[in-house]
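To keep things clear, I will list the structure first and then write my remarks on it.
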Amino acid sequence: MPEIESHDVDVVVIGAGGAGLRAAIEAKARGLRVALVCKSLLGKAHTVMAEGGAAAALGNVYPEDNWQVHFRDTMRGGKMLNNWRMAQLHAQEAPDRIRELEEWGALFDRTKDGLILQRDFGGHRYARLAHIGDRTGLELIRTLQQKAVADGVEVFMELKVLRLLHDDSGAVAGLVGYWRPSGSFVSFTTKAVVLATGGVGKSWKYTSNSWESTGDGHAMAVWAGADMIDMEAVQFHPTGMVWPLSVRGILVTEGVRGDGGVLRNAEGRRFMFDYIPPMFAAETADSEEEADKWYADHSAGRRPPELLPRDEVARSINSEVKAGRGSPHGGVFLDIASRRSAEDIRRRLPSMYHQFKELAGVDITVEAMEVGPTCHYIMGGVRVDADTTATTVPGLFAAGEVAGGMHGSNRLGGNSLSDLLVFGRRAGMGAADYVEGRSGSASVDRAAMEEVVRAATAPFERESGENPYDVQHDLQETMQSLVGIIRTGSELEEAMGKLEELEERAANVAVAGGPQYNPGWNLATDLPSMLTVSRCTTQGAIHRTESRGGHTRDDYPAPDAELGKVNFVQRVPAGGARSGGAVGTPSIRSITITPEPLPVMPDELQALFDEEAH
Amino acid sequence: MTTLEDVSTTPVVLGGVRGGPPVPTLRKDRWWIQPVVTVTVLTAFVAYATWAAFVNKDYYVGATMHRDLISPFYSPCLTESCVPGSHPGTIITWWQISPALLILIFPLGFRLTCYYYRKAYYRSFWWAPPACAVADAHGSYKGESRFPLIMQNVHRYFFYAGLIFNVLLTIDAVMAFRQPGVGLGFSVGTAVLCVNACLLWLYSVSCHACRHICGGGLKKFSDHRIRHRIWKTLTPLNAHHMVFAWMSLVFVALTDVYVRLVASGTIHDYGFHF
Amino acid sequence: MADDTTTPRADGGAGGAGGAGGAGERTVTMRLWRGDASGGDFVDYVLPAVEGEVVLDVVHRVQADLAPDLACRWNCKAGKCGSCSTEINGEPRLMCMTRMDTLPPDEVVTVAPMKTFPVLRDLVTDVSYNYEVAKRIPPFNPRPKTDDEVAAGGYRMQQIDVERSQEFRKCIECYLCQDVCHVIRDHEENKTAYAGPRFFARSAELEMHPLDATDRRELLQEEQGLNKCNITKCCTEVCPEHIKITDNAIIPLKERVVDARYDPVAWLGRKILRRTKGTAAEAAATAPAHGPAAVQPEVEVTGTPGPQHR
């Protein structure tokens, strides 16, 4: 058994994106011993990818904006599946969190009065997104990173956490992981753990997420016995690049379609006219002539079908590809080159133009882009208490993308950055309150620790076995083709079976080389997480027999009012990991699912929706 | 078991093995072209300027040729030895050798301490480093932290001095419109001196010290709108400081060459008068 | 060097076709550094050429098909996180931002780890030096809010006042500028007292930040080696974010130091005008007071907690 380095702290925060950093800052401010653990270097987390801004009802541009309006926008965007209390706290506290960033050195773009400038975004009634050009996420993470460093938060970089450990009462008491550079194992005993591990996108073939987004936090929560909600709610962007490889997954902003870009299939046909649903027929143009008039003058014609809601566009692209009329690399063509002059394109879409030119040598003023639905964000996640972010496992907290409930079944752009700040802070507070309420020090079972280490090093022991990259590849293909943006019951059932096969294959992978910075081995240890979250999403998608927000069922195309009143809650029943520490990774087959009623919104908040109705 | 308080990280041993490829550079492109060109041009300029400064003749085209053209190397000509007509009057009496040597200290100092030329000669002459990602040629390196290189910090005084010379050379260029004995006119020589003065102005105002003094040193632009506007105007010029540095350097030598050729009677300064 | 190394041809996987490619298929040869702190060697990998790839894509294919244990650090693959810094054909670059079709065709592509930092394994280096320097930068120190700002709920800053610092906040901390800077690249001993281009830009950002109230000039000159920089501009040349590090950060800082220390006219002016703010004497008095900035006297750089130090 290799030696296991050990540390004793009060709070471990896993993940150093926006939520993790904010939680660590808060817990540190309470005088606790905080360890911030992250899988990459500090400051590289996926938060840097956020471009648009952070939504907060500051009212700097529209004084009539306030938290009630933001709350209502968020709930409606989430198709009312949100945890109302989270949405309320988020809308109420986001402005203070943004201003706080400024006190820590962030430099947002300014209004003429010298206040924070806010921009418009889809789904938000008022211009509400505090931003810095198109690199708001970078500003946010850098500000928090510098604040955390100044406050003396201890950071453990490039450390992959494998499992949470429990004490005899079932509370979280520690964790085991390994340093990626050396491959040596490390354990923490801790009174509380904050999960801030972000998303799960790496289980799909086309994703805007990085290699880190393997759903480690989601999976560790499941294995620890925590409840998960809404795992079927995954946001796909209809137009992510599928080719060239160098830009696969990079999103093509809706602005391209708004500025005249059209979708064509392999035959060159502008196919969106074939997919106008009756619900939108009245407001959508039914001929190219009419649609083309709209761009210059929005009152001259009805909207082009390319600008239908995201799910409709994605569904249409999906149908074209499945009918064999897709582009050579499995997408469709998004063509703005033949529609607008090169000069116009460069002027109106400068960052799109430069990004593709620089990264891919694709000149969007000359050639069409190959695009397709791309996995972007998971709304579902660990079920938490809104005020404290406490999960259903004592000592375990979750914030950011890994937590579920805040965004319901669909997230509005800009709400993720403010989510990180609001609930990152609350997680730090929640964990600190919890720690302060406990006496004595945490203790974990050495045997459980060793078991985790044994399981993690098993791929080195196997003489022969499969390449983990092959398993990952097949998992991504499975999720992309069967649990993608448009889902049907039969395909989902097929995916369940394939996932079980993949789980068996993942248990038998072999890796070459040593443990030092070995990406093959790192991937082998990520596979259980990816399989677990994939299973949750697939299972949730089977049970939610309706279409709502980010979850679209071809066989149940409409929302179902009854299902709109429940969360699908998934868990590994007690007796698995919850008691007695880690006893092997629970099989994905042991995950159960039950519908549970949504928390009931108080009347005064409900009234916000009623008053809007008239 | 350690607690966070105990985490005293083991120091990284300096000078330790880094472990990468043990070669001075892995660059495959012709990175040496730039230093070679810099060395060639700068050496040629220094050689020419030294010769031109010591030769102490043919630097002024005067009334005998109906012109008033002075080489920038010799302006302002303030010593006794200056050619009649080339100077406003003898101010310095104790200087016995070429007046150019007295003058060239200032432009030379300005260029020697210039942020752009520093880059150019540190790279090409001193090889610290010869090119990016190519190992530098020195066992130890202290940069500009000690004498004599700490003197680079006087750049802004040479900048001020350079401004005085720019004014004088501008006056020379204006004077070059005079054609003694004929009236006002315009010749190739006039154009040469005008272009020379313009390039020198561009080199000066695009200087980093200038940009700092005019507004860059401010913390809050919104309290100093005019200085912000000046800074904003200078910034794009500053981006081309290297271009102006080379153009003005080459042209100042060409100006001297032209005046010299005319003064020595080798060529005629074509022009017209009003 | 590279030409002498053994070149095990791709055995199996998609890169099976060696040399010029059996079936007339175009191939690329990647010459990747394999090794750790104790040394290593270049190894050639031959793969089929695929259109539209960046270097990182090809390295990923090497991992997936030929060498699953090849270490390389990356995250976003979109030029936004600054993780995949290496030296491609000897030039410090991000692998995700270097398109294969911009490299000389039909030539071997060499990828080596950043030279300035110790190799952890293969293409991955230990960049903890940078995180240590970051700790020594005096933190942001905002002035108090005015009454108007308290009423408005936030600081007031004009766009023209924040733009300069915003340029430096584009930094993605890829550390290519630190890597290429010969002050530490070729002179390890300078690491004890040299912040490097990335952190000069950080200090410039704070010096130009309309709210920050700390004077960092004395510290920059005395402890952080601003005067060791000889402005050879390589940092600017390699910056993937196109930040003008030398022109907009380092030289303005040097000029600010001149204001504080080397300019008697400015000194006299301040004496006469009795300006309360930012005199050289104050600069000297306040700078060291800002805690973690002071560099330890011993000749060592402490590392972040990491396995490599244990």
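No lab work stands behind these numbers, since they all come straight from the coordinates. Small disclaimer: the values here were computed from a predicted structure and weren't measured. All Cβ positions, even for glycine, are placed from backbone atoms using ideal geometry, and neighbour counts span all protein chains on display.
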Practice item. For each pair in B:Lys220/C:Lys80; A:Lys28/A:Lys205; A:Lys565/C:Lys80; C:Lys145/C:Lys254; A:Lys79/C:Lys145; A:Lys160/A:Lys322, compute the distance between the two Cα atoms and list the pairs where it is over 32 Å. Key: A:Lys28/A:Lys205; A:Lys565/C:Lys80; A:Lys79/C:Lys145; A:Lys160/A:Lys322
Revision key, fill the gap. What helix-only [θ] at 222 nm does chain A give? Using -39500 (n - 2.57) per DSSP H run of at least 4, over all residues, to the nearest 500, the answer is -11500 deg cm²/dmol
Review point. Sorted from fewest to most neighbouring beta carbons within 10 Å, what does the list B:Trp94, A:Trp223, A:Trp211, A:Trp104 look like?
Key: B:Trp94, A:Trp104, A:Trp211, A:Trp223
Practice item. Report, in debye and to the nearest 20, how large the dipole of the stretch B:34-273 comes out about its Cα centre when Lys and Arg carry +1 and Asp and Glu carry -1 on their Cβ. Key: 1060
Check your understanding: Once you charge only the Cβ atoms, +1 for Lys and Arg and -1 for Asp and Glu, what is the size of the charge dipole of the stretch C:88-158 about its Cα centre, to the nearest 20 debye?
Key -> 340
**Study point:** CD proxy at 222 nm, helix term only [per DSSP H run n ≥ 4: -39500 (n - 2.57); per residue of chain B; nearest 500]
**Key:** -15500 deg cm²/dmol
Point to revise | Lys, Arg +1 and Asp, Glu -1 on Cβ, resulting dipole of the protein assembly as shown about Cα centre, debye, nearest 20 | key: 4000
Practice item. Report the one residue of A:Val384, A:Leu523, A:Pro602 whose Cα lies farthest in the direction of the positive end of the charge dipole of chain A (charges on C-beta: Lys and Arg +1, Asp and Glu -1; origin at the Cα centre). Key: A:Leu523
Exercise for review: Determine, from the Cβ-Cβ distance of A:Lys357 and B:Thr50 and an R0 of 41 Å, the FRET efficiency 1/(1 + (r/R0)^6), rounded to the nearest 0.05.
Suggested key: 0.25
Check your understanding: Quick one: length gained pulling B:His268 to B:Arg229 fully straight, 0.36 nm per residue minus the C-alpha distance?
Key -> 9.5 nm
Point to revise | Within the stretch B:55-79, backbone nitrogen closer than 16 Å to the virtual label 7 Å beyond the Cα of B:Gln96 toward Cβ | key: B:79
Point to revise | 5 angstrom amide H check on A:Ile116, placed H, neighbours 5+ away | key: A:Thr111
Practice item. Pop a pseudo-label 7 angstrom from the Cα along the beta-carbon direction at both B:His138 and A:Met1 and give the gap in nm to one decimal. Key: 5.6
Exercise for review: Answer rounded, prolate or oblate for chain A, using the Cα gyration tensor with square roots of eigenvalues a ≥ b ≥ c: rounded when a/c is under 1.5, else prolate when a/b is larger than b/c, else oblate.
Suggested key: prolate
Study note, to complete from the structure: Sorted by chain and then number, the residues having a modelled amide H within less than 5 Å of the amide H of A:Tyr377, at least 5 places away or on another chain, are A:Gln235
Check your understanding: Given q = 0.10, 0.16 Å⁻¹, what are the Debye log10 I(q)/I(0) values for the stretch B:34-273, with equal point scatterers placed on the Cα positions and solvent ignored?
Key -> -0.55, -1.18
Revision key, fill the gap. Taking alpha-carbon centroids only, the stretch B:24-66 lies from the stretch A:498-512 a number of Å equal to 70
Review point. What list of ³J(HN,Hα) couplings, whole Hz, do you get for the stretch A:563-571 from phi and the Karplus terms 6.51, -1.76, 1.60, once you set θ to phi - 60° and write x for glycine and proline?
Key: 5, x, 9, 10, 9, 8, 9, 10, 7
**Study point:** Computed E for A:Arg454/B:Val23 - FRET, C-beta separation, R0 56 angstrom, nearest 0.05
**Key:** 0.85
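Work out which helices of chain B, taken as complete DSSP H runs, extend at least 27 Å along their axis over the Cα atoms and score a mean Kyte-Doolittle of 0.0 or more, then list them.
B:33-55, B:155-175, B:241-263
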Point to revise | B:Leu112-A:Val600 pseudo-label distance in nm [points 7 Å out on the Cα-to-Cβ vector] | key: 8.8
Check your understanding: For the stretch A:467-614, rounded, prolate or oblate, judged on the Cα gyration tensor with a ≥ b ≥ c (square roots of eigenvalues), a/c < 1.5 rounded, else prolate if a/b > b/c?
Key -> prolate
Review point. Which ³J(HN,Hα) values in Hz, rounded to whole numbers, follow from the phi angles of the stretch A:497-507 under the Karplus curve 6.51 cos²θ - 1.76 cosθ + 1.60, where θ = phi - 60° and Gly and Pro get x?
Key: x, 5, 5, 5, 4, 5, 4, 5, 5, 5, 6
Practice item. Would you work out the relative contact order for the stretch B:34-273, in percent, from Cα pairs under 8 angstrom that are 6 or more residues apart? Key: 24
Review point. What residue among B:Pro22, B:Pro236, B:Pro148 shows peak mean-square fluctuation when chain B is described by a Gaussian network model with Cα springs under 10 Å?
Key: B:Pro22
Revision key, fill the gap. Rounded to whole angstrom, the alpha-carbon centroid of the stretch A:319-390 lies from that of the stretch A:1-43 at a distance of 35
Practice item. Give, as a single signed number, the net charge of other residues whose beta carbon lies under 10 Å from the beta carbon of C:Asp161, with Lys and Arg counted +1 and Asp and Glu -1. Key: +3
Practice item. Apply the Karplus parameterisation 6.51 cos²θ - 1.76 cosθ + 1.60, with θ equal to phi minus 60°, to every residue of the stretch A:401-413 and state each ³J(HN,Hα) to the nearest whole Hz, in sequence, with x for glycine and proline. Key: 4, 6, 8, x, x, 4, 9, x, 9, 7, 9, 7, x
Check your understanding: For the pair A:Ala29 and A:Ala558, what calculated FRET efficiency results from E = 1/(1 + (r/R0)^6), where r is the Cβ-Cβ distance and R0 = 45 Å, to the nearest 0.05?
Key -> 0.40
Practice item. Compute the semi-axes of the equivalent ellipsoid of the protein assembly as shown, taking the square root of 5 times each eigenvalue of the Cα gyration tensor, and list them largest first in whole Å. Key: 58, 34, 32
**Study point:** Tilt relative to chain A, helix A:350-360 - C-alpha long axis, 0 to 90 degrees, to 10
**Key:** 60
**Study point:** Rg(Cα)/(2.2 N^0.38 Å) for the stretch A:120-208, N = residue count
**Key:** 1.51
Review point. Once the Cα atoms of helix A:446-461 and of chain A are each reduced to a long axis, what angle between those two axes, in degrees from 0 to 90 to the nearest 10, is obtained?
Key: 60
Revision key, fill the gap. Between A:Asp168 and A:Ser443, the two model label points (7 Å from Cα along the beta-carbon direction) sit apart by a distance in nm of 0.8
Revision key, fill the gap. Computed over chain A: longest principal axis from alpha-carbon atoms vs helix A:519-543 long axis, angle to nearest 10 degrees, is 60
Practice item. Calculate, axis by axis, the spread of Cα positions in the stretch A:208-320 along the three principal axes, and write the results as whole Å, longest axis first. Key: 57, 34, 25
Practice item. Name the residue farthest towards the positive end of the dipole of the stretch B:174-274 from the options B:His241, B:Met175, B:Cys210, assuming +1 on Cβ of Lys and Arg, -1 on Cβ of Asp and Glu, about the Cα centre. Key: B:Cys210
